[in-house]
1. Select from the stretch 392-410 the residues that are part of a helix (DSSP H, G or I) and in contact with an Asp or Glu (Cβ under 8 Å, 6 or more places away or on another chain) and list them in ascending order.
2. Which numbered condition in (1) surrounded by fewer than 17 Cβ atoms within 10 Å (Cβ to Cβ); (2) touching a strand residue (DSSP E or B) at 6+ places or on another chain (Cβ under 7 Å) is the only one that residue 109 fails?
3. Which pairs have Cβ atoms under 6 Å, sit 6 or more apart or on different chains, and link a residue in the stretch 52-69 that is under 19 Å from residue 22 (Cβ atoms) to one that is exposed (fewer than 15 other Cβ atoms within 10 Å of the Cβ) and of a type in the set (S, T, N, Q)?
4. Kindly list, by first and then second residue, each pair from a residue in the stretch 318-333 that is closer than 13 Å to residue 352 by Cα to a residue that is within 16 Å of ligand 1 (Cβ to nearest atom) and modelled with pLDDT of 95 or more, limited to pairs with Cβ atoms under 6 Å and residues at least 6 apart or on different chains.
5. Out of the residues in the stretch 313-334 that are within 24 Å of residue 235 (Cα to Cα) and surrounded by fewer than 24 Cβ atoms within 10 Å (Cβ to Cβ), state the one that is nearest to ligand 3 (Cβ to nearest atom).
6. Quick check on my filter: what residues within the stretch 299-310 are part of a loop (DSSP other than H, G, I, E, B) and either crowded, with 20+ Cβ neighbours inside 10 Å or not assigned by TED's automatic domain parsing to the domain that holds residue 231 (or both)?
Amino acid sequence: MDHCHSDFYTIPWQDKWVIYKPQRQLAFIGNAALAKYILKRNHGATIKTDPEIEQFLERIGFDLPGLECPIPELESACSPAAAVLLMTNRCNLRCVYCYANAGEEPCLSDITWPAAKAAIDHVLENAERTGVTPSLTFHGGGEPTIHWELLTKAVIYARAAEPSTRVSMSSNGMWTESQRRFICRHFTNVSLSMDGLADVQNRQRPMADVSESAPTVAKSIRALDEAGIDYGIRMTVMPDSVGELAAGVKHICATTRTLAIQVEPTFTRCRGQYGDIDEDFAEDFAEHFMEAWRVGRSFNRQVYYSAARPWVIASTFCQAPLKAVVVTADGRLVTCFEVFSAASPLARGFTVGQVCDGQVKYDHAALQAFLDTQQSRRHECRDCFCYWHCCGDCATRRPGSRQESTGRCHVTRRITLMLLLEYIHEGGGVWMGLRKATAAFRPKRHPGAACETTPFESKL
Ligand code: SF4
Ligand code: SF4
Ligand code: SF4
């Protein structure tokens, strides 16, 4: 078990300790005597000063102040300049792990133009008032491009009102030629879900008629590459595909120009049902992730898993509740991109208002209650060395207590530790993230959000 000493952690590793001060981005390996010395020193206990250790600690800036990270206040922070439209629960794929059971829900649900327009107008106004560039993102509960007419209307409307509006979406890439042309012309960024090798993609992400999806997705990726669009690929890994993860990442690196590959273990038990992963899979995933991470490095690409991010110091896992107006297909305001409608198992605690009479109407008490719940979840994690990065994890991936997410926590802790060891090795024995930006390890983009898009990550 690692130990927390309020601002630094000692993590057992082999027969030694990783001594870790996250807010200073400092990590190094020490023996038990060094760990004990620093622990006593930190507690102000009387110790016989060791000049050699003291010199070392001074040289690495051990006692300098760490990065601060205040908890955002609702009153001052809630002026979102980002509209996120959860477009539909229809889908042309039947991914075996789909959290929304898209395409198979009994009630079809498509966002309406008045709801979409109200969200866009609201964020454009906020953006103008605050001087922030507005953004418009299309997300799921289904495949956004299925609701194509509304999607194109929303893009054209937002861009006509404010030409600098950034447009992005999370998509499965099952696009027609004319859709590819529109996306390549108008989108700033795309997060494209694709599971690596064609066999894995076809097995995990079949079309509704069970035919193969890989060839169409490959065409869409080629179109993005040719148009020079900024896009990332998002892979989901299941217990029976974890052995093919590194090969999948290699395939993506060799055949696409994407710079960022997000890799996540599945977080559902089956279609439409969230669930933790078991510890065997968690261990396998972490090992194979690091193999894939090294493959990515050899191609100069960033491979990342959302909750393992030692370069981030944050007070919340995700900033979507304060930075985005997230509107469901049935016109609710929610705090998460995955809470797609009233049918979502998480709808109740995540609903913080609604769109009515063409206006965005927040229930500020509900939003504050949601934020308070996130801080209580985070509070449970004070003794975990991932506390400052994972912050209690994504609200949907770890909806309950920490004890109910042992698989997911194992993945986060294991990968974070292995990344720290890589950083220490690269730094010649000490990781000093604040002093020397270890460029090779810092992501080109700041990854973070667990869902299939990355604009609302908590940043340093
Ligand atoms: S995971 Fe995405 S692409 Fe797959 S079925 Fe669900 S909504 Fe469709
Ligand atoms: S990171 Fe988690 S909580 Fe935030 S929007 Fe994505 S799925 Fe929802
Ligand atoms: S959710 Fe798990 S991994 Fe994340 S900070 Fe809490 S205990 Fe650590």
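1. 402, 404, 405, 406, 407, 408, 409, 410
2. Only one criterion in (1) surrounded by fewer than 17 Cβ atoms within 10 Å (Cβ to Cβ); (2) touching a strand residue (DSSP E or B) at 6+ places or on another chain (Cβ under 7 Å) is unmet by residue 109, namely (1).
3. Filtered contacts from the stretch 52-69: no entries.
4. 324/84; 326/84; 327/85; 328/86
5. The extreme case among them is 316.
6. 301, 305, 306, 307, 308, 309, 310
This table checks each residue for (1) of a type in the set (Lys, Arg); (2) exposed (fewer than 15 other Cβ atoms within 10 Å of the Cβ); (3) modelled with pLDDT of 90 or more; (4) away from ligand 3 (no atom under 11 Å from the Cβ).
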{"site": "364", "(1), (2), (3), (4)": "no, yes, yes, yes"}
{"site": "374", "(1), (2), (3), (4)": "no, no, yes, yes"}
{"site": "383", "(1), (2), (3), (4)": "no, yes, yes, no"}
{"site": "390", "(1), (2), (3), (4)": "no, no, yes, no"}
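Residues are listed down the side, and each one gets a yes or a no for (1) at pLDDT 95 or above; (2) among the aromatic types (Phe, Trp, Tyr); (3) crowded, with 21+ Cβ neighbours inside 10 Å:
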{"site": "143", "(1), (2), (3)": "yes, no, yes"}
{"site": "170", "(1), (2), (3)": "yes, no, yes"}
{"site": "175", "(1), (2), (3)": "yes, yes, yes"}
{"site": "210", "(1), (2), (3)": "no, no, no"}
{"site": "240", "(1), (2), (3)": "yes, no, no"}
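The values are calculated or read from the model by the stated rules, or taken from the named source; none is laboratory data. This structure is a prediction, so every number in the text was calculated from the model and none was measured. Positions of Cβ are generated from backbone atoms using ideal geometry, with glycine treated the same way; all protein chains shown enter the neighbour counts.
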